[in-house]
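What follows draws every value from the coordinates through simple rules; no lab data is involved. Keep in mind that what you see is a predicted model, and the values were worked out from it rather than measured. Positions of Cβ are backbone-derived with ideal geometry, glycine not excepted, and every protein chain shown enters the neighbour counts.
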Amino acid sequence: MFDLTILAPAVLNGLMVGAVYALVALGLTLIYGVLHIINFAHGALLMVALYGVYFLYSLGGVDPYLALPVMVPVMFAIGYGLQRGVIGRSLSNKKKSRNNDANVMLVTLGLSIVIENLALYFWHADTRTIDTPYALAVVDIGIAILPVPKLIAFAGAVVVAAILWLLMARTDLGRAIRAVSKESRGAQLMGIDVEHIYAMSFGVGTACLGAAGCLLLPSIYVEPGVGHIFVLVAFTVVVLGGMGSIVGALVGGLIIGVTESLCGLYLGESLGQIGIFIIFIAALMFKPTGIFGQRA
Amino acid sequence: MTHKISQSRRRFLATTAATGAVAASGFGFPHIAKAAAPVKIGVLHPVTGAVSYSGTQSRAGALMAIDDINAAGGIKSLGGAKIEASLADAQSKADVGSAEVEKLNEAGVTAIVGGYASFICLATTQAAAKHDLPYIVDVGVADQIMERGLTNTFRFSPGFGACVQQAITGLGAINQGSGQIAKTAVIVHEDSLFGTGTANLLSKALPNIGITVLEVMKHPTPTLDFNNIALRIKQHNPDLIIPANYYNEYVLLARTLQQQKVSSKGIYSVLGGAASQYKFVKEFPEAAAYVMDCNHWFDPKNQAALDLKKKIEAKGLFYTYEVWLNYEAIMYLADALERAASVDRAKVTEALASSTWSHHFMPYGPTKFVKGQNQGAQAVNLQVQDNDIKVILPSQFANAKPVFPMPARG
């Protein structure tokens, strides 16, 4: 139906959109992998990050990419604080908060509602976008015209995934996170401050959203409900890639991006997301652990 | 001395008279002093959820009209009764909108204004009809809203049937003026009631003015990536690109077309989400330049419309169609209340139906309601020129001439 001149750019575009999904899914998979909670506040926190980048640009003139050193630590602090101050304390017995998934899930859902409504109150429903000098810049590679901000987001997603992987594989913090995720009681007996590690994991997962905000804002808009657009797809990416797997989130994101793009091309944009959810159901039926996931 | 005494006597008499008047009005004649009971009006919009930006703008317009009416002395035939807004949020959902109508009915409102989106208006007008509650649709353009025989439902602004008719007439004239340069078009629309309905009407009408529709492409709201659509448009290489979608998607589509170097002789929207928005022109002047639209607009030669623009902008808001359509919807209701001299719903409905209200600032013909729809309502043709939005047709309201085909973009 479509020749190569349209198919190749569609696949490349799918990869770039997929990298965006992967960026959002990276933090989600880390939080799930360690805390075993489905963080419904992830989309709302992404929205906070996007607003942060927006205000740094509009009020302080800080370029979105240069805002990375500000937004990543700020979002880390927010995530750390939320886990320590709200999610971790949501139940009187801290052990319960680790095990009672339904309650913690409700707490994150409540958090997302509170954050979104606060955003609506303070920043109103107005859609905000930034117009950077490179917003419309493109790279013509012959078979496709690639927008520069999306190329940077693609590269950024790969770099963030690599940094996360190194953090988990090569650092003491990563070892402690992995130990806690596998056996928290044993880790505690070995002297690891489990509550601190939970908060660090939530903080790192939220810091990924700080990076995502910086890499996404040159191409998209921000409004209080923008997180919803990403978070459902990000859940699919996490399930497909394997819950808790960093590499899985990246690969899963790219697969989902290409699937959505090709379905959009052949079935029309209105039906573009059908492919995503077919993959989601198929993954749950035939490989519930995901591509890179391990059995619990 | 005498002078002093005389002055204090006068003061004494004046004070006594004033005190007497206050006492009489406050105690002796309570029916005179008692302020007229306020008229409660439901102001219902989607101020949260997917279309919350438009809902918030709509509410701002409605509240500004209420402030202006109250500042000018309220409803005079009701003893200067002030209008009191009962605010409601449809949360961008039809079912929530219906539930809010029930609450407003319980609260005893005389009428409801709002709804904004067609799918919300369809549900809320029906819910209001159960209580014979007069309902003024502020924006909702779907013609189905007015075609169900609901006697409580009124729309001062045009529906998409009238908008498409004006769009086709205007495009035909613009195209003829350029020597029939446009022969093909691609329609890109959002896939709900508004976009689909508009696209269907356009697909049927465009061949009548010599324009072949090459493809109709639909997309959901929200859509974050228009790359595939841009690629397909590029493959067709149409003379005209016709979008019918909401603000965010319109902006992303316009930017993607620019990125993908999709050229055409013109972008001509019908009720385009961004094409007639100052926000779009201000934030993306390059993408907005020379875009044409057929949309709701105010009469650019009417001073009242320009004064309202200043007031809205002074509040830090953009002067969007939601603002002035809601402003005018409230004013239309206020005129009906004035003539009905009652808050009885049946009398207000009758006054709304027989309205010939002319003190508005819209580029409309004479006001006349048939089955709740203002027959004088019409959209106008607009074009972004010199970083401003100009009316290019109909000529009696125009403040610029069309530039078509549009100059090549860099």
Next on the checklist: Please compute, over every Cα-Cα pair in region A:98-161, the percentage with a separation greater than 19 angstrom.
Outcome noted: 64
Next on the checklist: If packing is taken as the average number of other Cβ atoms within 10 Å across a peptide's residues, how do B:295-303, B:237-245, A:59-67 rank, most packed first?
Outcome noted: B:237-245, B:295-303, A:59-67
Item to check | For chain B, share of DSSP beta bridges that run antiparallel, in % to the nearest 5 | outcome: 25
Checklist outcome for this item: Under the Karplus relation with 6.51, -1.76 and 1.60 and θ = phi - 60°, whole-Hz ³J(HN,Hα) for region A:55-60, x at Gly and Pro, equal 5, 4, 6, 6, 9, x
Checklist entry - Considering the alpha-carbon set of region A:132-202 alone, what are its Rg and its Dmax in angstrom? => result 19.6, 59
Next on the checklist: Going by amide H atoms built from the backbone, whose H comes under 5 Å of the H on B:Val51, apart from near neighbours?
Outcome noted: none
Checklist outcome for this item: Of the convex hull enclosing the alpha-carbon atoms of region B:339-410, the direction-averaged projected area in nm² is 7.4
Checklist outcome for this item: Of every Cα-Cα pair in region B:126-167, the percentage lying beyond 17 Å is 30
Item to check | region A:226-232 - phi-based ³J(HN,Hα) in whole Hz, Karplus 6.51/-1.76/1.60, Gly and Pro as x | outcome: 5, x, 4, 4, 8, 5, 5
Item to check | Which of B:Arg148, B:Arg255, A:Arg170 has the fewest Cβ neighbours within 10 Å, and the rest in rising order | outcome: A:Arg170, B:Arg148, B:Arg255
Checklist entry - Mind checking the mean number of beta-carbon atoms from other chains within 10 Å of the Cβ atoms in A:266-272? => result 6
Checklist entry - How about B:Lys40: which lysines have a C-alpha closer than 20 Å to its C-alpha, ignoring those fewer than 8 places off in the same chain? => result B:Lys76, B:Lys82, B:Lys103, B:Lys130, B:Lys347
Next on the checklist: Just to confirm the number: angle between the C-alpha axis of helix A:172-182 and the first principal axis of chain A, 0 to 90 degrees, nearest 10?
Outcome noted: 80
Item to check | Kyte-Doolittle at least -1.0, axis length at least 27 Å by Cα - qualifying DSSP helices, chain B | outcome: B:2-23, B:52-71, B:321-340
Checklist outcome for this item: Taking placed amide H atoms and a strict 5 Å upper bound, the residues 5 or more places from B:His189 or on another chain that come that close are B:Met217, B:Lys218, B:His219, B:Ala244
Checklist entry - Expressed as a rounded percentage, what relative contact order does region A:140-221 have, with Cα pairs under 8 Å and six or more residues apart? => result 36
Item to check | Quotient of C-alpha Rg and 2.2 N^0.38 Å, computed over region A:1-93 | outcome: 1.45
Item to check | Net charge contributed by nearby residues that have their C-beta within less than 13 Å of A:Met168 (K/R +1, D/E -1) | outcome: +3
Item to check | Spherically averaged projected area in nm², based on the convex hull that wraps the Cα atoms of region B:44-137 | outcome: 5.6
Checklist entry - What is the Rg over Rh value, at two decimals, for chain A, using alpha-carbon atoms and the Kirkwood definition of Rh? => result 0.97
Next on the checklist: So for chain B, averaging the separation of alpha carbon pairs under 8 Å that are six or more residues apart and normalising by length, what relative contact order in percent results?
Outcome noted: 16
Checklist entry - Do you know the relative contact order of chain A, to the nearest whole percent, from alpha carbon pairs under 8 angstrom that are 6+ apart? => result 37
Checklist entry - Taking neighbour counts of Cβ atoms within 10 Å as a proxy for exposure, in what order, fewest first, do A:Phe122, B:Phe154, A:Phe280, A:Phe154 appear? => result A:Phe122, A:Phe280, A:Phe154, B:Phe154
Next on the checklist: Between helix A:68-82 and chain A, what is the angle of the helix's C-alpha long axis to the longest principal axis, kept within 0 to 90° and rounded to the nearest 10?
Outcome noted: 40
Checklist entry - In whole angstrom, how long is each semi-axis of the equivalent ellipsoid of region B:239-285, when you take the square root of 5 times every eigenvalue of its Cα gyration tensor and sort them from largest down? => result 16, 13, 9
Next on the checklist: Given axes a ≥ b ≥ c from the Cα gyration tensor, I'd like to know whether region A:196-264 is rounded (a/c under 1.5), prolate (a/b larger than b/c) or oblate.
Outcome noted: oblate
Next on the checklist: Can you tell me which of B:Gln57, B:Gln180, B:Gln373 moves the most in a GNM of chain B? Springs connect C-alpha atoms under 10 Å apart.
Outcome noted: B:Gln180
Checklist entry - Roughly how crowded by other chains is peptide B:216-225, in terms of the mean Cβ count from those chains within 10 Å of each of its Cβ atoms? => result 6
Next on the checklist: Rounded to whole Å, give me the distance from the Cα center of region B:303-367 to that of region A:21-62.
Outcome noted: 43
Next on the checklist: I need the phi-derived Karplus couplings for region A:262-279: 6.51 cos²θ - 1.76 cosθ + 1.60, θ = phi - 60°, integer Hz, Gly and Pro marked x.
Outcome noted: 5, 4, x, 5, 8, 9, x, 4, 5, 9, x, 7, 4, x, 4, 7, 5, 4
Checklist entry - Can you list residues whose amide H is under 5 Å from B:Ser86's amide H, if they're 5+ apart or on another chain and H is modeled 1.01 Å from N? => result B:Ile41, B:Gly42, B:Val43
Checklist outcome for this item: Counting every C-alpha pair in region B:281-410, the percent lying more than 19 Å apart is 57
Checklist entry - When N counts the residues of the protein assembly as shown, how does its alpha-carbon radius of gyration compare numerically with 2.2 N^0.38 Å, as a ratio? => result 1.11
Next on the checklist: For chain B, compute Rg over Rh where Rg is the Cα radius of gyration and Rh is the Kirkwood radius from the inverse mean 1/r over Cα pairs.
Outcome noted: 1.10
Checklist entry - Most fluctuating residue of A:Leu250, A:Leu46, A:Leu265 in a GNM of chain A with Cα springs under 10 Å: which is it? => result A:Leu265
